[in-house]
1. Go through segment 354-402 and give me each residue that's closer than 24 Å to Thr44 by Cα, open to solvent by 80 Å² or more (accessible area, probe 1.4 Å) and not polar (S, T, N, Q).
2. Return the pairs, sorted by first residue and then second, in which the second residue is open to solvent by 40 Å² or more (accessible area, probe 1.4 Å) and modelled with pLDDT of 75 or more, the first residue lies in segment 7-23 and is closer than 18 Å to Ala293 by Cβ and assigned to a helix (DSSP H, G or I), the beta carbons are less than 6 Å apart, and the residues are 6+ apart or on different chains.
3. Considering only segment 188-200, how many residues are among the hydrophobic types (A, V, I, L, M, F, W, C) and modelled with pLDDT under 85?
4. Against the condition surrounded by fewer than 15 Cβ atoms within 10 Å (Cβ to Cβ) and part of a helix (DSSP H, G or I), how does Ala95 come out, does it pass?
5. Restricting attention to segment 254-271, report how many residues are outside any helix (DSSP H, G or I) and surrounded by 11 or more Cβ atoms within 10 Å (Cβ to Cβ).
6. Name the one entry in Lys86, Lys76 that is charged (D, E, K, R) and more than 18 Å from Val379 (Cβ to Cβ).
7. Pairs, please: C-beta under 7 Å, at least 6 apart or cross-chain, first residue of a type in the set (D, E, K, R) and in segment 187-208, second surrounded by 13 or more Cβ atoms within 10 Å (Cβ to Cβ)?
8. Counting just the residues of segment 277-292 that are of a type in the set (D, E, K, R) and open to solvent by 70 Å² or more (accessible area, probe 1.4 Å), which one comes out farthest from Val320 (Cα to Cα)?
Amino acid sequence: MKLQKSIIETEEKISPQQKKFQRLSQKIVQQKAHLAEWLLAQKTIQARAQAELLPAYQQLRQIIFQQIEQLLKQKKQKMTKAQLAKLDAKIEQLALPLWQSQQMSEQQNSFLSALLKAYGHDVEMYQEKADAEQGFAHDAEYSFEQDVEQDIENLSEAEFFQLEIAELKISLCAEYDLEIDFFDFDADDLDDFMQKFLDKLQQQEQLEFLKHFDAQERQQLEREMQREKAKAEKIVQQRAQAKKNAVQSMKGIYLKIVALIHPDREQDQHKKQEKTSLLQQVNQAYEGRDLLALLAFQVELGQQQNQLLANQQLKAYNLVLEEQLEKLSIDIEDVIDSFNWSNHRSMRSNCKPKVNDLYENYEQNWLAVREEIKRTEHVLAVYKDINILKELMRSRDLWEMH
């Protein structure tokens, strides 16, 4: 990779910050590839589910509907009262979840509704309750969202900030078992509020800790704590300044690239299209805080010489890369969490799933559905033979299995 060569290749010994930059760069490249692999797998599995699983589930529902029709036919055969009762119970057992799914045709839903009415089910009440619950939830959510949006629009910036602080105080009181008067300080913004909250929380913990020592020991510990606090504050300030420098540097890189490739300055239509496409990529990299991509564009356009970056600049860049690496990890976790892993071996053993596990998990689900279709078709064949059906009903265990 030209970017890595331009930064790393040198006869001089590289510094710790340069090593860190190299390490983070490599990890980001790996995580980008990992995320792309997961996104491709997600798209592939969703397409397969649309083409395979959904039609299979519909086929399964149709076979169950045929089972109901077949059992109703068999009721016309010569049966004992006990056998008829068993058939009615089985028909009701099959019909209710099928009707509740609302995935059948209008004609089939009407048939199931009439059938369940005959078995004493108040389907209108079920339907009205379901519609009412869904409608109420929708209306309430819509009304609530409208009210909130209207209220927020009417708030000033200061009032909105105070609302956020009030909600945050309630949340922190519940999480840390605090009284509301704990928050006896003002803040300029949310970050300032959280920093002051954590500082006060730490002070209280230190006071509780110091109670266990005599006066002399307490004074010595307090001096040590002050020194540690000063060191920590200095580190925080340095990181904040480095982050600010990194953001300014990224903006500078971005503006230089845009000035060089802006399509409005190009007369040749073909080159103008190329630069338009390139500008879109650069904008995307800048909006996504993709420092490596911006540096790579800079190198490709000949704006950066093959030399090592200064340590102070690398410190700033490393903070940006750490943030980008964390975001990539979160994006990967979001894709993983979008799937149901409850029956997969990797989750039972507390192992983090891999892309191959996703395909394996789908194949297991796909196999299970096909096996269920085969089993349901076999049961349908059994229901069509009156002699086998009667024999089956003689065994309670076998009948319940079917």
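The values are calculated or read from the model by the stated rules, or taken from the named source; none is laboratory data. Small disclaimer: the values here were computed from a predicted structure and weren't measured. Neighbour counts run over all protein chains shown; Cβ positions are idealised from the backbone, glycine included. Each accessible area value is taken on the protein alone, full model and side chains, heavy atoms only, with ligands, DNA and RNA left out. Shrake-Rupley method; radii C 1.70, N 1.55, O 1.52, S 1.80 Å.
1. Lys354, Leu367, Arg370, Glu371
2. The qualifying pairs are Ile8/Gln22.
3. The total comes to 1.
4. no
5. Looking only at that region, the number is 2.
6. It is Lys76.
7. Every condition considered, the pairs that remain are Lys196/Ala187.
8. Top of the filtered list is Glu287.
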